[in-house]
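**Q** Below you'll find the structure I mean.
The values are calculated or read from the model by the stated rules, or taken from the named source; none is laboratory data. Here the structure is a predicted model, which is why all the values come from computation and not from measurement. A quick note on method: Cβ atoms are made from the backbone with ideal geometry, for glycine too, and the neighbour counts reach across all protein chains shown. Side chains included, ligands, DNA and RNA excluded: accessible areas come from the protein's heavy atoms. Shrake-Rupley method; radii C 1.70, N 1.55, O 1.52, S 1.80 Å.
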Amino acid sequence: MKSLRPFWPLVRVSGILLCLGELAECHAQQLAFEDVTAAAGLLEPLQGIMGHGAAFGDVDGDGLLDLYVGGFSDRPDDEYAPATGPKPNVLLRNRGDGGFEPWPQKPATFFARTSGAVFADLDNDGDPDLYVANNCKGNASRDTEPQRTAQRAYSKLFRNDAGVLHDISKESGACPESLGTARNIGVFDYNGDGLLDLFLVEDRFTKDPCSVLFENLGGLRFAAANAKAGLPDDIFGLGLAVADINGDARPDFFVGHSNRLFLSTGDNGYKESPELNATFAWDPLDGEDWPCGAAFGDLNRDGLLDLVVSIHGVTARNKIYLNRGLTDGEPRFLDVTAIAGLPTQLNEKSPHVEIQDFDNDGWPDIYLSTAWLHDDGTITPLIYRNLGTTASRDTPRFEASFRPEALDSGKLVYFPAGPSGDYDNDGRLDLFLVNWYRGNHSRLLRNTSNPENHWLTVRVHGRSFNRDGIGTRIRVFVRNGEVRSLIGFQELGTGYGYASGQDTACHFGLGSATTVDLEIRFPNGSTIRREGVETLNQTLTIEE
């Protein structure tokens with residue numbers, strides 16, 4: 001793996017990169033990833049797959065993240081070379097020794113046009129169920145198998161019984177044939193009844209697209225609830241981000257491509273804001289200039305969740321929107337992309353996005369599912385490092401700046417999906433990049449960044465609310481004498497970005513901090529505080 005480096009002058013001293021003139025602001029170079037795809041046993045089971053969706057989740061409850069990978073299986077046979085034809089979706093078990101193997105049972109192995117997957121405990125029984133979003137063509141145009149079957153495959157839901165998956169798609173009500181070109185999967189409790197609901201994003205590439213909110217009725221039964229929740233029937237999109245933005249303890253959500261933000265009204269309903277829709281309005285450069293993935297995160301550690309939107313277009317004008325707080329009960333956002341240090345455009349598609357602290361320095365970075373492919377076949381993920389607090393006269397409340405990573409050689413390539421997850425439990429977030437193009441392959445990238453920085457991963461187990469704790473808001477503080485400073489703020493979720501499912505946990509980098517205070521607001525609105533938490537460099541599970 002080649003070294004990463006920012007776009008400013010550097011000098012190499014004994015193998016360490018230093019920034020000339022900006023040493024204090026740059027930090028020591030810490031980002032590093034190792035391609036362990038072959039060593040992890042993933043080359044053969046994923047060879048030839050035209051991947052388009054992936055999800056991490058602990059299927060069998062052994063404390064290790066397993067991996068589900070789905071792709072498009074309806075293309076001509078030669079597009080899957082070196083495989084002889086289409087590859088089915090595959091569930092891979094984490095062996096615990098750094099490697100993966102195909103799951104012994106194969107209920108989730110099928111041919112489709114899969115455009116997203118997510119693990120979430122939908123029946124609150126302690127193990128994650130699997131939803132697979134398929135971009136169904138309806139009437140198949142292919143006359144060969146398995147391409148014909150793939151084109152006619154609708155979305156699927158699998159119930160998890162202690163690591164054994166059962167296909168309950170037909171009886172669940174969450175996979176109707178009326179839902180055709182499904183893309184991203186939102187998971188949140190929209191009505192506060194303790195059951196996780198599903199929001200299925202449908203793309204615009206079908207007649208009368210309609211993204212659907214499926215209310216969880218219990219017993220893994222679902223019913224369409226757009227009318228009940230006041231949601232229109234004309235929502236189309238690609239990616240999705242979910243968080244409580246207006247502070248009413250109910251989830252709000254942003255849909256990428258249509259670029260619409262839906263705010264909870266506090267009575268199990270939703271509304272749109274004309275002012276916010278104007279803020280996020282998109283003027284496309286051409287017919288394929290599509291806003292796509294979206295992620296909420298506190299980029300400048302001011303206790304407000306900002307928004308990053310990624311673009312599924314060759315001229316990717318990725319955006320950072322700063323959360324400026326509430327005005328008359330509604331959030332306001334400001335486009336600070338240029339001020340923050342992102343380029344005005346990236347000359348490759350970057351559909352998936354996450355806000356995560358990859359070097360555990362306490363400042364969340366921005367990761368896009370784009371990478372540098374080098375002549376020797378290795379890749380380096382494109383991550384914009386958060387360099388910490390800086391001053392800005394134009395937007396004094398924005399106190400974070402980013403530097404994109406650049407390399408001496410290679411070309412940019414895109415991966416449709418790329419969830420993060422700590423598959424080896426070493427406290428550093430790894431990446432799985434899902435390949436689309438022939439001539440490349442999916443990659444498991446192990447994060448080998450500076451191990452000296454501290455970290456804390458927080459899980460939440462609910463009882464009166466959902467078992468996964470989705471919707472929980474966690475603030476982490478460090479103390480310097482009597483002064484307490486916010487070092488991290490997240491809302492627990494999964495399925496954000498595009499076509500990707502993440503582990504249901506919050507990962508915080510802490511830098512050199514060894515003791516922290518926690519403030520936690522559960523989805524039911526109750527709160528707890530824990531002061532002087534010393535359980536660092538490990539996972540802390542909070543039971544309701």
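**Q** Using 13 Å as the cut-off for backbone N distance, which residues of the range 159-176 belong to the label zone defined by a point 7 Å from the Cα of ASP60 along Cα→Cβ?
**A** 162-165
**Q** While we're on this one: Of all the accessible heavy-atom surface of the chain, with the other protein chains kept in place and a 1.4 Å probe, what percent is carbon and sulfur?
**A** Its accessible area is 47 percent carbon and sulfur atoms.
**Q** Let me ask something else about it. Once the dipole of the range 143-300 is set up with Lys and Arg at +1 and Asp and Glu at -1 on Cβ about the Cα centre, which of ILE245, LEU157, PHE262 lies farthest towards its positive end?
**A** It is LEU157.
**Q** Measuring with a 1.4 Å probe in the full set of protein chains, what accessible area per residue, in whole Å², belongs to the chain?
**A** Using a 1.4 Å probe on heavy atoms only, each residue of the chain averages 37 Å².
**Q** Of LYS137/LYS207; LYS271/LYS319; LYS106/LYS137; LYS87/LYS170; LYS319/LYS349, which ones are farther than 18 Å apart at the Cα?
**A** Beyond 18 Å between Cα atoms: LYS271/LYS319; LYS106/LYS137; LYS87/LYS170.
**Q** Alpha carbons only, please: Rg and Dmax for the range 151-255, in angstrom.
**A** My reading of the Cα-based Rg and Dmax gives 13.9, 42 Å.
**Q** Further question: Using the Cα centre as the reference, give the magnitude of the dipole from point charges on the C-beta atoms of the chain (Lys, Arg: +1; Asp, Glu: -1; all else neutral), rounded to the nearest 20 debye.
**A** I would put it at about 660 debye.
**Q** Testing the spin-label approximation: label points 7 Å from Cα along Cα→Cβ at THR535 and ALA39. State their distance in nm.
**A** Going from the THR535 label point to the ALA39 one covers 3.0 nm.
**Q** Setting aside same-chain residues fewer than 8 positions from LYS411, which aspartates and glutamates have a Cα under 16 Å from its Cα?
**A** GLU348, ASP375, ASP376
**Q** For the chain, state the semi-axes of the equivalent ellipsoid (square roots of 5 times the eigenvalues of the alpha-carbon gyration tensor), sorted largest first and rounded to whole angstrom.
**A** 32, 28, 24
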